[in-house]
Amino acid sequence: MPVRHSTATWKGTLKEGNGVMKYADVEGPFTYASRFEEGKGTNPEELAGAAISGCFSMFLSALVSGDNYKPESVQTTATVHLGQDNGPKITSIDLDCEAVIPGLDEEDFAGYADKAKQNCPISRLFAGTEINLKAKLKG
């Protein structure tokens, strides 16, 4: 399996400083305000949300494809909640998924979606964090 690399550089104090996170060809600035307030820029929690929504979507597609369904699309939005528990902590993640998978019924889809939530590598990374899932078929 491949090994992936990302980097982050922070300069200055927590509240007055700033940083840059880089992965692949993507670069994003971050600050105290972008992480703990509503400031401009990105933050590690947004990247965690992108990671879990991408992983979940791919894993769900793999599961249904393995049973000969042909997904047209799987779109997942992750909402990452940052709270306090002896310091800042991701307290929960809400996944909201809409998929177009011809021939698949709602009940079977719910089973695949739950299995993807439990087993995608990024969900497993967040073991111990509450992950809530709302998944529905479209079309």
Phi-derived 3J(HN,Hα) across segment 128-139 with the Karplus relation (6.51, -1.76, 1.60, θ = phi - 60°), rounded Hz, x for Gly and Pro, is x, 9, 5, 10, 9, 10, 10, 10, 9, 8, 10, x
Rounded to whole Hz, the Karplus (6.51, -1.76, 1.60) HN-Hα couplings of segment 9-23, x for glycine and proline | 10, 10, 10, x, 6, 4, 7, 9, x, 7, x, 9, 10, 9, 8
Protection proxy ranking of 52-61, 121-130, 107-116, 1-10 - average other beta-carbon atoms within 10 Å, highest first | 52-61, 107-116, 121-130, 1-10
Starting from the amide H of Asn43, placed 1.01 Å from N in the peptide plane, find each other amide H under 5 Å away whose residue is 5 or more places distant or on another chain.
-> none
Taking Lys11, Lys22 and ranking on accessible area (1.4 Å, protein atoms only), highest first, one gets Lys11, Lys22
Please list the non-local residues whose amide H lies under 5 Å from the amide H of Ile101, H modeled 1.01 Å from N, same-chain partners needing a gap of 5 or more.
-> Glu72, Lys138
Using only Cα atoms, figure out Rg for segment 52-139 and give it as a multiple of 2.2 N^0.38 Å.
-> 1.13
Counting only DSSP beta bridges with both residues in the chain, what percent are antiparallel, rounded to the nearest 5?
-> 75
Normalise the Cα radius of gyration of segment 35-84 by 2.2 N^0.38 Å (N = residues in it) and let me know the number.
-> 1.51
No other cysteine beta carbon under 4.7 Å away is the test; run it over the chain and list who passes.
-> Cys97
In degrees, nearest ten, helix 106-119 long axis to first principal axis of the chain (Cα) | 40
Amide H contacts of Leu133 (H built 1.01 Å from N, under 5 Å, at least 5 apart or other chain) | Leu95
Using Cα positions and a limit of under 22 Å, work out the lysines in reach of Lys15, with same-chain residues fewer than 8 apart set aside.
-> Lys40, Lys89
Each residue of segment 48-62 in turn: what ³J(HN,Hα) in whole Hz from Karplus with 6.51, -1.76, 1.60 and θ = phi - 60°, glycine and Pro shown as x?
-> 5, x, 5, 5, 6, 5, x, 5, 4, 4, 5, 5, 4, 4, 5
Could you work out the Kirkwood radius for segment 1-118, taking every pair of different alpha carbons, averaging 1/r and inverting it, reported in Å?
-> 16.4
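The values are calculated or read from the model by the stated rules, or taken from the named source; none is laboratory data. Every value quoted in this text rests on a predicted model; they were computed, and no experiment measured them. With ideal geometry, Cβ positions are generated from the backbone for all residues, glycine too; neighbour counts draw on all protein chains shown. Protein only, heavy atoms only, side chains kept; ligands, DNA and RNA dropped before computing areas. Shrake-Rupley method; radii C 1.70, N 1.55, O 1.52, S 1.80 Å.
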